[in-house]
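The structure appears right after this line, and notes come after that.
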């Protein structure tokens, strides 16, 4: 009980510290780094939502791009074609993907392992085809641009057309998303997810309706992926059919594995490392993919449990020897 | 007179539809066999060994690229058809010993690792081979007439090779000692070890065989689709889908799955926009997965 | 594993030596862009250099374009600097990859503006990239010179809402191609057309622009769409109407090769004419497209072979080709496997010159005079010359769109693209759908 309290106090301390640093950053770094970090936050949200279903529930879905893209398009189409203001549009970027993820999940969670992977990919491919060819609605591969109105919460207002405003907006929402997920994985619901990941048969034998819990995880992840997509569109003021391509799902998978699955902080770190690497390399090479590919292979061989896993095992080793 | 003219016109229309359907069905079957051949290598590695090899498309592409270089050197398509898969088989060997061996029990890591290999290989080929597509001339240029169109014999030939290869593999798996070993390893690895089967060697040679098959199909497809550094990307996902819907490790299943998908797309696009036809084909696959998750012929 | 790391070093070396003008970007990450002024050795006095950002499709897709666009862009900047720069200031080029990914490219666009602090940006042939960057060009009021995106709408009636007039396009697009080329096809090839095009914006727009004009003149137009990465065209080729006289195709990359070849494989070429735009096989040698393409008609925006270029342009064309490392047959000097994207890459040669003229005309010193600069550039009427080897180029103030001559070519038995007719730029003009003159 004491350790629990101590741990959560430690977490709060670290979290508040990191948040304050991120809050203060715009006063010290230039605009480009602010936009880079804003995009990084969005990918972090996407990655941690993926960690919920993969790291915690054991469902490998390569179809999260579908919900990411739906969230992005929900925001874009509602604002551009229907003139909605930003707040309800953002809400819909959670709701609409949740509806779709309920539909996709309802069928998909009946399957396990590689079959689950493939069926989620197929759904994503269908979404991608529609996104690329239903040009009148989605703008196809050219995409759609739009200008969102300032985000209003009571008397408080943030201008999203301004880089700094955008930065704080996305930071706040992603931080909330992270706290929400953390609360969830530590709650009894989270424990059920973990038990499903560990041993599905046993969870079923204990009496849990495994498929129902999988669906719940899938829908929550879908909603958060959609929120990430919505934030991405709001940041870039753009959405395109390519948001729905399975390679976008691949990003979440890579960040989560590199960082360490089932840890929430792992995918965030993974996203940070890979995206920073990509952006750094752009200054020297055209062939950034080559280096990223090699780095991925090396990292995954050296740290199969992800970076967080590596640190954790080193920590344990240290403790053990002491 | 008017009535006669109208009747003639509608006859022409029906003939058009019939000829279209015939060609669509023929092409659907033939193209399905070609796709099954492309999926064959993956069926070895993924279907049998359960290794998710994201670099499969890259191996397919390497087969075509290596073949291109050999054709420039020797001028013979057939020589390249033999040598390219051998070269890519060696690359597969290196990948298996250097990487897969270390992680084959961790499927998720394998995905990332092979994904990284795919990225790296594609970039390397871009830098050495260049970005614009190149062609490999088809060794057989003959076309035979069918209704108002012509149909390239090359495609029929590839389909026949596909059937031949699959039959050969079926015989190999069922009737030879090595095939028996492979099936034993897939069924129960520990038991296989206990029985004295050199499991590591089996894994290695299966991976090599799968890589060589991927390259082989790349060389055969190249005269149709052109040689390009990104040519593996489109093929990769389709190959996975065919293997799973057909039943992992099941050769007849993947042939059937490939043909059905190809037919739905081909015949479907006669009556509907191509995107809709593809979505129908994909929808069919979802239904198969839900009703028979083990695939059309899987156990 | 050793194999891989050895190669890695080799690549780095190769990359840096190629990027002679991008010395400072290597330091940029450490120095946060501030070091850019301090490390470039000036020979032009104390004035800071003019910075031009460029991004192209160097990886993933449309790389046959990106390779040449980047090469010509660098050659143009080198020539500009050798001739004294712009208004006595040296020109510095920043060069990035779009990865054919609009979201990534938008990030590079922001990087060039916010970190490298460029004064203007040019490049890319990907419509999605342009679309994604429009809000940024508008926001930061940066002149954005389109490399080669074919979407007509970008200089159409939505210009104001899309980019607010900060987009300048000197090259062709679906509408000017259709206006220039439809009549030749209608008069010489046939009145009943089928458009077998890629099922996305570019394909749709070509079918619409050409088809609309064919139908308005009393002809017939049938649309057959196929996915842009189609490998098997037989299902689509068999849908072509039996009485079609002209098959107009529009696909890029290997699909572009596939459709031309398979049209012949199924024997369609015997009963109809093939008509297409050069975009489909730009950067790909006709010998690679194959003997099957003999007899097909192309709309080119600048001839690939030197002897097909109008005689009066030869002196300029020869110098231009020499500077870009191109031989008389449109192949890269020393590397006959590589063919030029001749109908697209000229935009990268001309833009720096247009920028120079604009700056020297308006006395532009920094971003405060950006709108004057854009106005001046968009009223340029360039005459053929060493900086404009494609012939006269007229910019139109109303929509920021440029017009130059078109060429109808046919593939000869020796696989050469022979020019049959030169279409003067006036024939390619259409009514502007927007008036940006009052906006700026």
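The values are calculated or read from the model by the stated rules, or taken from the named source; none is laboratory data. This one's a predicted model, so the numbers in the text were calculated from it and none came from an experiment. So basically every Cβ, Gly included, is an ideal-geometry build from the backbone, and we count neighbours across all protein chains shown.
Quick check on my filter: what residues within the range C:226-255 are surrounded by 23 or more Cβ atoms within 10 Å (Cβ to Cβ), in contact with a strand residue (DSSP E or B) (Cβ under 7 Å, 6 or more places away or on another chain), over 21 Å from residue A:134 (Cα atoms) and facing chain B (nearest Cβ under 7 Å)?
Within the range C:226-255, C:238 is the sole residue that qualifies.
Residue pairs, Cβ under 6 Å, 6 or more apart or interchain, first in the range C:414-425 and without any contact (Cβ under 8 Å) to a residue 12 or more places away in the chain, second exposed (fewer than 15 other Cβ atoms within 10 Å of the Cβ). List them.
none
Whether any residue in the range B:14-31 is away from every other protein chain (no Cβ under 14 Å) and more than 28 Å from residue B:126 (Cβ to Cβ) is what I want to check. Outline the logic, then answer.
Start the filter on the range B:14-31 by keeping residues that are away from every other protein chain (no Cβ under 14 Å), which leaves none.
No, the range B:14-31 contains no residue that is away from every other protein chain (no Cβ under 14 Å) and more than 28 Å from residue B:126 (Cβ to Cβ).
Just for the range C:193-221: of the residues that are farther than 25 Å from residue C:128 by Cβ and buried (at least 18 other Cβ atoms within 10 Å of the Cβ), which one is nearest to the chain's Cα centre (by Cα)? Show your work before the answer.
Step one: list which residues in the range C:193-221 are farther than 25 Å from residue C:128 by Cβ, which gives C:193-194, C:213-221.
Next, only the ones that are buried (at least 18 other Cβ atoms within 10 Å of the Cβ) stay: C:193-194, C:213-214, C:219, C:221.
Numbers: C:193: 27, C:194: 26, C:213: 24, C:214: 26, C:219: 31, C:221: 28 Å.
Checked the range C:193-221; the qualifying residue nearest to the chain's Cα centre (by Cα) is C:213.
In the range A:222-274, which residue that is in contact with a strand residue (DSSP E or B) (Cβ under 6 Å, 6 or more places away or on another chain) and not in a helix (DSSP H, G or I) is nearest to residue A:62 (Cα to Cα)? It would help to see each step written out before you state the result.
Initially, the range A:222-274 is screened for residues in contact with a strand residue (DSSP E or B) (Cβ under 6 Å, 6 or more places away or on another chain), giving A:233, A:237-239.
Subset that is not in a helix (DSSP H, G or I): A:237-239.
Details: A:237: 25, A:238: 23, A:239: 20 Å.
My answer is A:239.
Taking the residues in the range C:131-144 that are at the interface with chain A (Cβ under 8 Å from one of its Cβ atoms) and within 20 Å of the chain's Cα centre (by Cα) as candidates, determine which candidate is nearest to residue C:108 (Cα to Cα). Give the steps one after another, and end with the answer.
Of the residues in the range C:131-144, the ones at the interface with chain A (Cβ under 8 Å from one of its Cβ atoms) are C:131-132, C:134-135, C:139.
Next, only the ones that are within 20 Å of the chain's Cα centre (by Cα) stay: C:131-132, C:134.
Details: C:131: 14, C:132: 11, C:134: 13 Å.
Per the stated criteria, the residue is C:132.
Hey, any hits in the range C:185-197 for a residue that's in contact with a helix residue (DSSP H, G or I) (Cβ under 8 Å, 6 or more places away or on another chain) and under 21 Å from residue C:344 (Cα atoms)?
yes
Can you pull out the residues in the range C:358-382 that are surrounded by fewer than 16 Cβ atoms within 10 Å (Cβ to Cβ) and under 20 Å from the mean Cα position of the chain (by Cα)?
Selection gives C:381 alone.
Quick one: in the range C:263-272, which of the residues that are at the interface with chain B (Cβ under 8 Å from one of its Cβ atoms) and part of a helix (DSSP H, G or I) is surrounded by the most Cβ atoms within 10 Å (Cβ to Cβ)? Talk me through it step by step, then tell me what you get.
So in the range C:263-272, the residues at the interface with chain B (Cβ under 8 Å from one of its Cβ atoms) come out as C:265-268.
Right, trim to part of a helix (DSSP H, G or I) and you get C:265, C:268.
Numbers: C:265: 25, C:268: 21.
Selected residue: C:265.
Working carefully through the options B:215, B:222, B:257, find the one that is crowded, with 24+ Cβ neighbours inside 10 Å, modelled with pLDDT of 90 or more and within 12 Å of chain C (Cβ to nearest Cβ).
Details: B:215 fails: within 12 Å of chain C (Cβ to nearest Cβ); B:257 fails: within 12 Å of chain C (Cβ to nearest Cβ).
None of the others qualify; the one that does is B:222.
In the range C:312-363, what residues are within 14 Å of chain B (Cβ to nearest Cβ), more than 17 Å from residue C:53 (Cα to Cα) and touching a helix residue (DSSP H, G or I) at 6+ places or on another chain (Cβ under 9 Å)? Quick ask: steps written out before the conclusion?
Within the range C:312-363, the first condition is being within 14 Å of chain B (Cβ to nearest Cβ), and the residues that meet it are C:330-332, C:334-342, C:344-345.
Then drop every residue that is not more than 17 Å from residue C:53 (Cα to Cα), which leaves C:330-332, C:334-342, C:344.
C:330, C:332, C:337, C:338, C:339, C:340, C:341, C:342, C:344 - these are the residues of the range C:312-363 that are within 14 Å of chain B (Cβ to nearest Cβ), more than 17 Å from residue C:53 (Cα to Cα) and touching a helix residue (DSSP H, G or I) at 6+ places or on another chain (Cβ under 9 Å).
So which of B:94, B:79, B:146, B:140 is surrounded by fewer than 17 Cβ atoms within 10 Å (Cβ to Cβ) and closer than 28 Å to residue C:331 by Cβ?
When all the criteria are applied, what remains is B:79.
Hey, among B:173, B:209, which residue is within 24 Å of the chain's Cα centre (by Cα), surrounded by 14 or more Cβ atoms within 10 Å (Cβ to Cβ) and either within 28 Å of residue C:266 (Cβ to Cβ) or modelled with pLDDT of 90 or more (or both)? Walk me through it before giving the result.
On the way: B:173 fails: either within 28 Å of residue C:266 (Cβ to Cβ) or modelled with pLDDT of 90 or more (or both).
B:209 is the lone residue from the list that is within 24 Å of the chain's Cα centre (by Cα), surrounded by 14 or more Cβ atoms within 10 Å (Cβ to Cβ) and either within 28 Å of residue C:266 (Cβ to Cβ) or modelled with pLDDT of 90 or more (or both).
Got a number for residues in the range B:260-299 being closer than 25 Å to residue B:17 by Cα, within 13 Å of chain A (Cβ to nearest Cβ), without any contact (Cβ under 8 Å) to a residue 12 or more places away in the chain and surrounded by fewer than 19 Cβ atoms within 10 Å (Cβ to Cβ)?
3
When you scan the range C:306-322, do you find a residue that is under 20 Å from the mean Cα position of the chain (by Cα) and assigned to a strand (DSSP E or B), even just one?
no
Restrict the check to the range C:273-295 and report whether at least one residue is more than 21 Å from residue C:343 (Cβ to Cβ), surrounded by fewer than 24 Cβ atoms within 10 Å (Cβ to Cβ), touching a strand residue (DSSP E or B) at 6+ places or on another chain (Cβ under 9 Å) and away from chain B (no Cβ under 14 Å).
No, that holds for no residue.
Can you tell me how many residues in the range A:144-160 are away from every other protein chain (no Cβ under 14 Å) and outside any loop (DSSP other than H, G, I, E, B)?
The qualifying residues number 6.
For residue B:93, are the conditions met, namely being in contact (Cβ under 8 Å) with a residue 40 or more places away in the chain, more than 10 Å from chain C (Cβ to nearest Cβ), under 29 Å from residue C:232 (Cα atoms) and within 22 Å of the chain's Cα centre (by Cα)? Even if it seems obvious, please write down each step before you answer.
On the way: in contact (Cβ under 8 Å) with a residue 40 or more places away in the chain: yes; more than 10 Å from chain C (Cβ to nearest Cβ): yes; under 29 Å from residue C:232 (Cα atoms): no; within 22 Å of the chain's Cα centre (by Cα): yes.
Judged against the criteria, residue B:93 is not a match.
Restricting attention to the range A:72-97, which residues are farther than 24 Å from residue A:154 by Cβ and in contact with a strand residue (DSSP E or B) (Cβ under 9 Å, 6 or more places away or on another chain)?
The answer is A:72, A:73, A:76, A:77, A:80, A:81.
With respect to residue A:300, is the statement that it is within 13 Å of chain B (Cβ to nearest Cβ) and more than 22 Å from the chain's Cα centre (by Cα) true? I'd like the intermediate steps shown before the answer.
Details: within 13 Å of chain B (Cβ to nearest Cβ): yes; more than 22 Å from the chain's Cα centre (by Cα): no.
Considered against the rule, which asks whether it is within 13 Å of chain B (Cβ to nearest Cβ) and more than 22 Å from the chain's Cα centre (by Cα), residue A:300 comes out as no.
Residues of the range A:92-123 being over 17 Å from residue A:230 (Cα atoms), crowded, with 21+ Cβ neighbours inside 10 Å and more than 7 Å from chain B (Cβ to nearest Cβ), which ones?
Here is the first cut: in the range A:92-123, the residues over 17 Å from residue A:230 (Cα atoms) are A:102-123.
Then keep just the ones that are crowded, with 21+ Cβ neighbours inside 10 Å; that gives A:104-105, A:108-109, A:116-123.
If the condition is that a residue be over 17 Å from residue A:230 (Cα atoms), crowded, with 21+ Cβ neighbours inside 10 Å and more than 7 Å from chain B (Cβ to nearest Cβ), then A:104, A:105, A:108, A:109, A:116, A:117, A:120, A:123 are the ones that fit.
Based on what the data block shows, is residue B:140 under 24 Å from residue B:26 (Cβ atoms), within 14 Å of chain C (Cβ to nearest Cβ) and touching a residue at least 24 places away in the same chain (Cβ under 8 Å)? Even if it seems obvious, please write down each step before you answer.
Values: under 24 Å from residue B:26 (Cβ atoms): yes; within 14 Å of chain C (Cβ to nearest Cβ): yes; touching a residue at least 24 places away in the same chain (Cβ under 8 Å): no.
Considered against the rule, which asks whether it is under 24 Å from residue B:26 (Cβ atoms), within 14 Å of chain C (Cβ to nearest Cβ) and touching a residue at least 24 places away in the same chain (Cβ under 8 Å), residue B:140 comes out as no.
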